[in-house]
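As structure tokens, the structure follows; a few thoughts come after it.
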Amino acid sequence: MNVVDTDVLVTCPGRNYVLVKLETDDGLVGWGDATLNGRERAVEAALDEHVLPELVGRDARRIEDAWQSLFRHTYWRGGPVLNSALSGVDMALWDLKGKSAGVPVFDLLGGRTREYANVYQHCGAGSVEEIVENCETALGRGIDHLRINLHAADDEYLDQRAMVDAAEGVREALGPDPELLIDVHGRARPIDAADLARRLEPVDLFFLEDPIRPENPEGFETVREGSTTPLAMGELFANPWEMLPLVERELVDFVRVDLAHVGGITAAKKLATVGEFHDVRTAFHGPPDLSPVGFAATVHLDLALPNFGIQELTEHDAIFPDCADVFDGGARFLEGTGAVDVADDPGLGIDVDEDVAREFEYERSHLPAPRNEDGSVQDW
Ligand code: KDG
Ligand code: MG
């Protein structure tokens, strides 16, 4: 089962996705997701020029060996570009292994630990009334984990008083039952994040996500000491070792890494397993910039983990209808249950129509670039 051909496909059926394709000498095709929002072409070049040529002729069954080699033989290791490329390869190798064994990837990972993976939905909006309305729609579909971010106009920085007031308003309107989540997007300083987390305690959050920037994880000590609000972090880590101390030191309650950045199924599974021994659960990143291939890979891992916590939901076909023409299969929301599942098809259980994908050409895009009133840079 040697790799004989490789390709990287950048498609934009609503937004840009970077897909890795590996073909073996026994005629199998494996797909992986290497999308890095706003830097797609950099990953494409890394794959084309450096990563994929190294795979040709290799035994596709040796997933761990490929991971170690692609991570360590670069010498300059990690970083979002190289690790997104590695992540895409890793997913494609798991897809191939499942297809060759005739079993879904979750079976290769130890088999189901649950019948479905519960999800949370984004219900954020510009006012409490709109947030509550969105939450009620989600609750009507069986989703009882709700992200209630108050959105500022023009992506401006939001003061913490406004965030707390909004969260209190939403809790009051919805009552005690739904689980509520907030993503701070790394905008607070540790001492302010601790204050925010403490002031949010009466709202009884399921978790407060990315309270501080990723560059100085020691700041989590301050946040942790200041409050009992559960904490989540991980989407900005492209090197699994960046996440590790937060889990080992029990400074967070949820590992939120992105499988398309952290090193694929292989790296995310290892981090989740460390979490298992520390009572830390998973809440893997599942935004619209993760392709349906990456989302399927994430749900396969969710289903196999004993310490799965919650899965962020993206319904690609609903937000980007063209995705339905490019991707076939993958994870599906189970209407009325608040959960997602995958079919028992071999591998990741998702096909890509390459001809259609190529019709949706790459569109240059970048993430928002907010600034403070005085013109200085603010995190988005
Ligand atoms: O590309 C950036 C997005 O992935 C990010 O803004 C989404 O924070 C995010 C989340 O929690 O889904
Ligand atoms: Mg986030």
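The values are calculated or read from the model by the stated rules, or taken from the named source; none is laboratory data. From a predicted model like this one, the values you see are computed outputs, not experimental measurements. Cβ placement follows ideal geometry from the backbone for every residue including glycine, while neighbour counts extend to all protein chains displayed. For the accessible areas, the whole protein counts, side chains as well, though only heavy atoms, and no ligand, DNA or RNA atoms are used. Shrake-Rupley method; radii C 1.70, N 1.55, O 1.52, S 1.80 Å.
With respect to E179, is the statement that it is open to solvent by 20 Å² or more (accessible area, probe 1.4 Å), within 16 Å of ligand 1 (Cβ to nearest atom) and within 16 Å of P230 (Cα to Cα) true? Taking the combined requirement at face value, the residue satisfies it. For segment 132-143, taking the residues that are of a type in the set (V, I, T) and within 16 Å of P176 (Cα to Cα), the one that is nearest to ligand 2 (Cβ to nearest atom) is identified as I143.
Regarding L246, is this residue of a type outside the set (S, T, N, Q) and either open to solvent by 10 Å² or more (accessible area, probe 1.4 Å) or closer than 20 Å to H151 by Cα (or both)? The answer is no for L246.
Taking the condition surrounded by 19 or more Cβ atoms within 10 Å (Cβ to Cβ) and without any contact (Cβ under 8 Å) to a residue 24 or more places away in the chain, does L70 pass? Considered against the rule, which asks whether it is surrounded by 19 or more Cβ atoms within 10 Å (Cβ to Cβ) and without any contact (Cβ under 8 Å) to a residue 24 or more places away in the chain, L70 comes out as yes.
R187 passes every criterion in (1) among the basic types (K, R); (2) away from ligand 2 (no atom under 16 Å from the Cβ); (3) open to solvent by less than 60 Å² (accessible area, probe 1.4 Å) apart from (2).
Could you grab me the full set of residues in segment 199-209 that are more than 16 Å from ligand 1 (Cβ to nearest atom), of a type outside the set (D, E) and more than 7 Å from T229 (Cβ to Cβ)? Result: R199, P202, V203.
Each residue in segment 295-309 was checked for being more than 20 Å from D253 (Cβ to Cβ) and touching a strand residue (DSSP E or B) at 6+ places or on another chain (Cβ under 9 Å), and 6 of them qualify.
Out of curiosity, is F220 more than 16 Å from ligand 1 (Cβ to nearest atom) and free of Cβ contacts under 8 Å to residues at least 24 places away in the same chain? Judged against the criteria, F220 is not a match. Of the residues that make up segment 147-169, is at least one surrounded by 20 or more Cβ atoms within 10 Å (Cβ to Cβ), part of a loop (DSSP other than H, G, I, E, B) and within 14 Å of ligand 1 (Cβ to nearest atom)? Yes. Listed by position, the helices (runs of 4 or more DSSP H) contained in segment 265-380 that have at least 3 residues being away from ligand 1 (no atom under 15 Å from the Cβ) and touching a helix residue (DSSP H, G or I) at 6+ places or on another chain (Cβ under 8 Å) are 292-304, 323-326.
Among the residues of segment 327-367, those identified as exposed (fewer than 12 other Cβ atoms within 10 Å of the Cβ) and either in contact (Cβ under 8 Å) with a residue 24 or more places away in the chain or polar (S, T, N, Q) (or both) are E335, G336, D344, E361, E363, H366, L367. State which residue is most open to solvent (accessible area, probe 1.4 Å) when the search covers only segment 73-116 and only residues that are assigned to a helix (DSSP H, G or I) and among the charged types (D, E, K, R). By that ranking, first place goes to D107. If you filter segment 199-243 down to residues that are under 23 Å from T35 (Cα atoms) and assigned to a helix (DSSP H, G or I), you find that the one that is most open to solvent (accessible area, probe 1.4 Å) is W241. Against the test of being in contact with a Phe, Trp or Tyr (Cβ under 8 Å, 6 or more places away or on another chain), among the aliphatic types (A, V, I, L, M) and modelled with pLDDT of 95 or more, the options A92, A101, A85, A45 yield a single qualifying residue, A92. Is there a residue in segment 314-321 that is crowded, with 22+ Cβ neighbours inside 10 Å, within 19 Å of A138 (Cα to Cα) and at pLDDT 95 or above? For segment 314-321, residues crowded, with 22+ Cβ neighbours inside 10 Å, within 19 Å of A138 (Cα to Cα) and at pLDDT 95 or above: present.
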